[in-house]
Amino acid sequence: MTLKTPRPQKQDLVRQSPLMWEIPVSFRSDMRVPVRLFADEALVEDALGDASLGQAVNAATLPGLVSHVTVMPDVHQGYGFPIGGVAATRLPDGVISPGAIGYDINCGVRLLASRIAYGEAEPRIPELASALYAHCPSGVGVKGSVPLSSKDLDKVCREGARWAEQKGFAQAGDLEATEEEGTISGAEPSAISPRARERGRPQLGTLGAGNHFVEVDVVDQVFHDEAATAMGLEVGNLVVQIHCGSRGFGHQVCSDYVREFQPAIARYGIQIPDRELVCAPLDSPEGKSYFAAMACAANYAFANRQILADHARTAFDEVFRGRVRDTGLTQVYDIAHNMGKIEEHKIESDTVRVCVHRKGATRAFGPGFEGLPPRYRRLGQPVLVPGSMGTASWVLLGTEGSMALAFGSTCHGAGRRMSRHQAKRSIRGDRLRQELEDQGVRVRAGSLPGLAEEAPRAYKDVDAVVEVVAGAGIAAKVARLRPVAVVKG
Amino acid sequence: MGGVRYEEVEHTADWALRVRGATMGELCQVAASAMLAACGARSSDGPSSERSVRLEAADRETLLVQWLEEVLFALEGRSRIPVRIEVEVSPPLSLSATWEEVPLAGIEKPIKAVTFHELVVREDTEGLETTIVFDV
């Protein structure tokens, strides 16, 4: 029987440092590890305002957890596991939980930098927004420009962005500037259902809808000159963010395994407080099968963002060719914020192999990580934090603090504050579009009610979220981006 | 079936719909209609076709999720909208449904998935009631 999640209150939080709070295991008898929240006073109040901390407490009951469940300052209520949560389970017999990774497997963000000055480009921004809208198919169930045969889908599952590169959708340097170089190992297409295959074949190279977008920004401020230079970010120049994931393919993979895992918990004697947290040991047949399927969806998402990057390059070239010296877009980085990853982390004095579940949280590896391109290795991993539509976005770096305190993770965005229902009731899509246009943000959107749900005031203040992660030492600021055009499904 | 049988419930990031039905069959039917209304699926002209669905599950919650996944797949996988949905659930938990489906013109707000989050089908004097959370 599933019970309504009890919500921790302010008095249940123990302040560990100015920006770090803990819910100890004594809060509820079934917690295996404490919950650690990064937040200032105002963001603590936001977190207490919905069910997110109760969901984090539920997540803290999963078998095989190590150290603590981390909650980011952009946390909000999700389903089962909070959005903005990180949990690490020990190999080989800790669990993997599809619901703790999410339906949009490898939803993530890609950032491309240009050498085009906003001042030079400004008159053409409306045309650029329209070109991006035309080249990046968006909306529900929309078919992409790269329909896949069954055999090609298998290759995408195994090879991810590398497949896209072989098909001519990448340029030099793209793959090395992608988390895991755009390919997660362990993918096995036989773990994918026929229904997921059916949904996946026509959708590659599409943006989707909801909170997914392509956004053109201007580099507004730089806080770390060396890192900004390494990333090709210069104040006043245009950049492009692409936010999307594995589309219906990933949604179906997660749905299939959440359903199939329902009887598995009884088989393994696992007690969970919410059926959406169903899980299976990583070394069980069910756990291995889900990991293999999740890796397929993750690779699909890397290929998807790679193809959309190519489409964005086409749009830039179409609009600016002959008008600026260099129409090119160089990849800064591509990160996932819904993923389960096998990683090694230091827990006290031991190095432990764990499966890090990040749902609405970004990997943020610190300086020295060998998987980074040489130009970033000494600095740390770039972290991309999109704000709400019409507000700032941030480029950060992973730090030693993120490694020590948060399993090499940090925040992923602004985090919702207002329900979609409330947003729809109080905000009109057409008025919002006009407001954004008046602020100099060109908007191309397929659905006005969808636009209203994603209104900036439905979200927390991304600047406040970034101040917390920077202040707590789980990321370092590099640059702030200001939007000038948004394309949404 | 009289009165409003579903309502939207506040949820920060996703959608939650509270639905009621006198029987499990009616609950499934109302839940499907509520989901289609909430996502604003619009039909276009074109040939319609008949479809039947048969499902079995170990518990009511799993049956409800499986059923709504069938409806969702009609939208996302086949670009069709189920209309005139009829559902029967016979003991212990065998669902048999028929619908007519017409071409999908568009959806205002997409649904990624039907979740099991805090999903409990409760029985009271008026029948069955539950709240379903959708990932959107």
Original post:
Taking segment A:113-136 on its own, how many of its residues are under 20 Å from A:Ala445 (Cβ atoms), of a type in the set (A, V, I, L, M) and more than 26 Å from the chain's Cα centre (by Cα)?
Top reply: 1
Original post:
Hey, among B:Ala74, B:Ala41, B:Ala113, which residue is within 14 Å of chain A (Cβ to nearest Cβ), free of Cβ contacts under 8 Å to residues at least 40 places away in the same chain, surrounded by 20 or more Cβ atoms within 10 Å (Cβ to Cβ) and hydrophobic (A, V, I, L, M, F, W, C)?
Top reply: B:Ala74
Original post:
Here is a list of conditions, (1) surrounded by fewer than 20 Cβ atoms within 10 Å (Cβ to Cβ); (2) not in a helix (DSSP H, G or I), and A:Gly144 meets all of them except one; can you say which number that is?
Top reply: (1)
Original post:
Going through segment A:470-489 one residue at a time, which ones are more than 14 Å from chain B (Cβ to nearest Cβ) and within 29 Å of A:Leu132 (Cβ to Cβ)?
Top reply: A:Ala475, A:Lys477, A:Val478, A:Ala479, A:Arg480, A:Leu481, A:Arg482, A:Pro483, A:Val484, A:Ala485, A:Val486, A:Val487
Original post:
Restricting attention to segment A:16-66, which residues are aromatic (Phe, Trp, Tyr) and closer than 18 Å to A:Gly78 by Cβ?
Top reply: A:Phe38
Original post:
Which condition number in (1) surrounded by 22 or more Cβ atoms within 10 Å (Cβ to Cβ); (2) of a type in the set (A, V, I, L, M, F, W, C); (3) in a helix (DSSP H, G or I) is the one that A:Ala230 fails?
Top reply: (1)
**OP:** Would you be able to tell me the number of residues in segment A:21-69 that are of a type in the set (Asp, Glu) and in contact (Cβ under 8 Å) with a residue 60 or more places away in the chain?
**Re:** 3
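Answer yes or no as to whether B:Ala16 is facing chain A (nearest Cβ under 10 Å) and closer than 30 Å to A:Pro456 by Cα.
Numbers: facing chain A (nearest Cβ under 10 Å): yes; closer than 30 Å to A:Pro456 by Cα: yes.
Taking the combined requirement at face value, the residue satisfies it.
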Subject >> Single match in A:Gly94, A:Gly84 (criterion: touching a Pro at 6+ places or on another chain (Cβ under 8 Å), within 14 Å of chain B (Cβ to nearest Cβ) and at pLDDT 95 or above) >> reply: A:Gly84
Original post:
Going by the conditions given, is A:Glu22 among the charged types (D, E, K, R), out of contact with any Ser or Thr (no Cβ under 9 Å at 6 or more places or on another chain) and not in a strand (DSSP E or B)?
Top reply: no
**OP:** Sort out which residues of segment A:184-209 are in a loop (DSSP other than H, G, I, E, B) and buried (at least 21 other Cβ atoms within 10 Å of the Cβ), and write them in order of number.
**Re:** A:Ile184, A:Ala187, A:Ile192, A:Gln203, A:Leu204, A:Gly205, A:Thr206, A:Leu207, A:Ala209
Subject >> All positions within segment B:116-130 that are in contact (Cβ under 8 Å) with a residue 24 or more places away in the chain and away from every other protein chain (no Cβ under 12 Å) >> reply: B:Glu126, B:Gly127, B:Leu128, B:Glu129
**OP:** Just need a number here: residues in segment A:82-111 that are in contact with a helix residue (DSSP H, G or I) (Cβ under 6 Å, 6 or more places away or on another chain) and within 25 Å of A:Asp220 (Cα to Cα).
**Re:** 1
Original post:
Do you know which residues across segment A:26-53 are of a type in the set (Gly, Ala, Ser) and either surrounded by fewer than 21 Cβ atoms within 10 Å (Cβ to Cβ) or more than 22 Å from B:Glu118 (Cβ to Cβ) (or both)?
Top reply: A:Ser26, A:Ser29, A:Ala39, A:Ala42, A:Gly49
Original post:
For segment A:297-316, does any single residue satisfy the condition of being closer than 30 Å to B:Val121 by Cβ, surrounded by fewer than 24 Cβ atoms within 10 Å (Cβ to Cβ) and within 14 Å of chain B (Cβ to nearest Cβ)?
Top reply: no
**OP:** Report yes if some residue within segment A:220-231 is away from chain B (no Cβ under 14 Å) and farther than 20 Å from A:Leu396 by Cβ; otherwise report no.
**Re:** no
Subject >> Extreme residue, nearest to A:Met389 (Cα to Cα), among residues of segment A:257-276 that are in a helix (DSSP H, G or I) and at the interface with another protein chain (Cβ under 9 Å from one of its Cβ atoms) >> reply: A:Glu276
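The values are calculated or read from the model by the stated rules, or taken from the named source; none is laboratory data. Just so it is clear, the model here is predicted, and its values are computed rather than measured. Using ideal geometry, Cβ is built from the backbone for each residue, glycine included, and neighbour counts are taken over all protein chains shown.
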